[in-house]
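One structure is given here, and the rest of the page talks about it.
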Amino acid sequence: MKLKDLEIFTVGTPPPGWGGRYWIFVKLTTDTGIVGYGEVYAASVGPAAMEHVIRDVFERHMYGENPENVEMMFRRAYSSGFTQRPDLTVIGAFSGLEIACWDILGKAHERPVWALMGGLMNERIRSYTYLYPLPHHNVQDFWSSPEMAAETAAEMVKLGFTAVKFDPAGPYTLRGGHMPAMSDISQSAAFCKAIRAAVGDKADLLFGTHGQFSTAGAIRLAKAIEPYDPLWYEEPVPPDNINEMAKVANATSIPIATGERLTTKAEFAPVLRNGAATILQPALGRSGGLWETKKIAILAEAYNAQMAPHLYAGPVEWAANIHLAASIPNLLMAETIGTGGDFHMPLIKHSIEWDNGYIIAPQAPGLGIEFDEDLARAHPYTDTGLHLEMQEAPCNYQDGNNFGGGAPARE
């Protein structure tokens, strides 16, 4: 069995764009006719350029190879160009292609992917979601409203979620770590207070940030939200500054989580070694794929750390996350986007079973999903924006800040 053909689907997400402006899916076909699907989460370059990278990685390192030889293909991509180091774009392309290889292998052996990666540890996988506006909410007002967030949180608990994530402390700027405005600190504490009052002990609070604070600023914010006992404080300082993240971890009682922007075990290992985080959040369409991320989970296990696979992407990465989560002993939970009903679930023909806040480990061969190629082709991405973008304007210390959530359609 050899890898023969590649097809790429760059799919634009319908408004409001939860999960990013677009998703990149890959379809691999073997010379025996078996088809596998994967998803690429790397988005440092535009999707047209990323498609060229994906084709180059496939043709250079994978074409004609047995899909079983995941380790060899990874080493080729990782070492390409005499680099032998993490490269977010190259490894991102490989990650999606590697996921497709596992889908092929599962189908070839008529077993779910988790069965090929150590077997089943978790039949039911705890899931969490961001807090998104309810139908009657004003979308623009939602992101600055503790009351609306609390209302959504209560509804998510009714659906069975035992953890909810929110990030009211923006902005995300390309300027690196900044000191939060006092209004951002106050708003963050208000969100935590309102949501904690709404959910009580029925759900954990997951406080999201995206590396936007200075070390001192992150510690100040942590002190303000500590009374509400969040389960995690996500990426409080830029993700490449591991030593500074460790300082934050040592200064707060809130567990630190990080990993959505890291790739391969080479970047995750120093996080564990330096005590920068105890919860790892790899995005499988970026972190190296299933096999590499299984290695990251093993490293985490040795440090008594837990895994919470990240999802701000499409349903194929979600499926890969689920198979990893099903196979590891140190799973904390896995991210979802609501209940996946608006576009995630239709793209895979509702082939993942979600039940009362938990995802049920798939039993069908491969990733256990049925990818709707017609629906994917019906939603091509035609804009020029990246999957997510950071603002250039600095933090506003006078008039407040409002992070709009997700990646809404451009005007």
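The values are calculated or read from the model by the stated rules, or taken from the named source; none is laboratory data. As the structure is a computational prediction, the values presented were derived from the model and not from experiment. Note that each Cβ is placed from the backbone with ideal geometry, even for glycine, and that neighbours are counted across all protein chains shown. Note: accessible area is taken over every heavy atom of the protein model, side chains too, but ligands, DNA and RNA are not part of it. Shrake-Rupley method; radii C 1.70, N 1.55, O 1.52, S 1.80 Å.
Taking a ≥ b ≥ c as the square roots of the eigenvalues of the Cα gyration tensor, region 310-411 is classed as oblate, since a/c reaches at least 1.5 and a/b does not exceed b/c.
Against the longest alpha carbon principal axis of the chain, how many degrees, from 0 to 90 and to the nearest 10, is the axis of helix 146-159 turned? Once rounded, the angle reads 50 degrees. In this structure the amide hydrogen of Met179, modeled in the peptide plane, comes within under 5 Å of the amide hydrogens of Ser214, none closer than 5 places in sequence on its chain.
Taking the Cα centre of region 169-241 as reference, the dipole from Cβ charges on Lys and Arg (+1) and Asp and Glu (-1) amounts to some 240 debye.
At a probe radius of 1.4 angstrom, the accessible area of region 32-85 per residue rounds to 50 square angstrom.
Counting only DSSP beta bridges whose two residues both lie in the chain, roughly 50 percent are antiparallel.
Based on Cα contacts under 8 Å between residues 6+ apart, region 144-214 shows a relative contact order of 52 percent. Relative to the Cα centre, the charge distribution of region 45-116, modelled as +1 at Lys and Arg Cβ and -1 at Asp and Glu Cβ, gives a dipole magnitude of about 120 debye. Expressed as an acute angle from 0 to 90° and rounded to the nearest 10, what is the orientation of the C-alpha long axis of helix 70-79 relative to the principal long axis of the chain? Approximately 70 degrees, to the nearest 10.
Taking amide H positions as modeled 1.01 Å from N, with prolines and chain starts lacking one, the residues under 5 Å from Ser127 and 5 or more places away or on another chain are Thr162, Ala334, Ile359. Surface composition of the chain: carbon and sulfur make up 51 percent of the accessible area, probe 1.4 Å. Among Thr13, Thr83, Thr278, the largest mean-square fluctuation in a Gaussian network model of the chain (Cα springs under 10 Å) belongs to Thr83. Between the residues Tyr78, Pro15, Pro133, the greatest Cα displacement towards the positive end of the dipole of region 1-133, with unit charges on the Cβ of Lys, Arg, Asp and Glu, is found for Pro133. From the alpha carbon centroid of region 180-251 to that of region 41-97 is 35 Å. Here the 3J(HN,Hα) profile of region 175-183, calculated from phi with Karplus coefficients 6.51, -1.76 and 1.60 at θ = phi - 60°, is 7, x, x, 10, 7, x, 5, 4, 5 Hz, Gly and Pro shown as x.
Look at the alpha carbon pairs under 8 Å that are at least 6 residues apart: their mean separation over the length of the chain gives a relative contact order of 24 percent.
Distance from the C-alpha centroid of region 342-379 to that of region 132-147: 28 Å, rounded to the whole angstrom. Compared with the dominant principal axis of the Cα atoms in the chain, helix 264-273 is inclined by about 40°.
What region 172-227 shows is 37 Å² of accessible area per residue, with the surface traced by a 1.4 Å probe over protein heavy atoms.
Dipole magnitude for the chain: about 820 debye, using +1 per Lys or Arg Cβ and -1 per Asp or Glu Cβ, origin at the Cα centre.
Amide H contacts of Ile256: Tyr233, Thr278, Ile279, each under 5 Å away and 5 or more positions distant or on a separate chain (H built 1.01 Å from N in the peptide plane; Pro and chain starts excluded). Accessible surface calculations at 1.4 Å, restricted to protein heavy atoms, place region 329-397 at 48 Å² per residue.
Residues Glu301, Glu235 ordered from highest to lowest accessible area at a 1.4 Å probe: Glu301, Glu235. Given only helices, namely DSSP H runs of n ≥ 4 each adding -39500 (n - 2.57), what is the per-residue ellipticity at 222 nm of the chain, to the nearest 500 deg cm²/dmol? Computed ellipticity for the chain at 222 nm equals -11000 deg cm²/dmol.
Along region 61-69 the Karplus relation, 6.51 cos²θ - 1.76 cosθ + 1.60 evaluated at θ = phi - 60°, assigns HN-Hα couplings of 10, 10, 4, x, 8, 5, x, 5, 8 Hz to successive residues, with x for each Gly and Pro.
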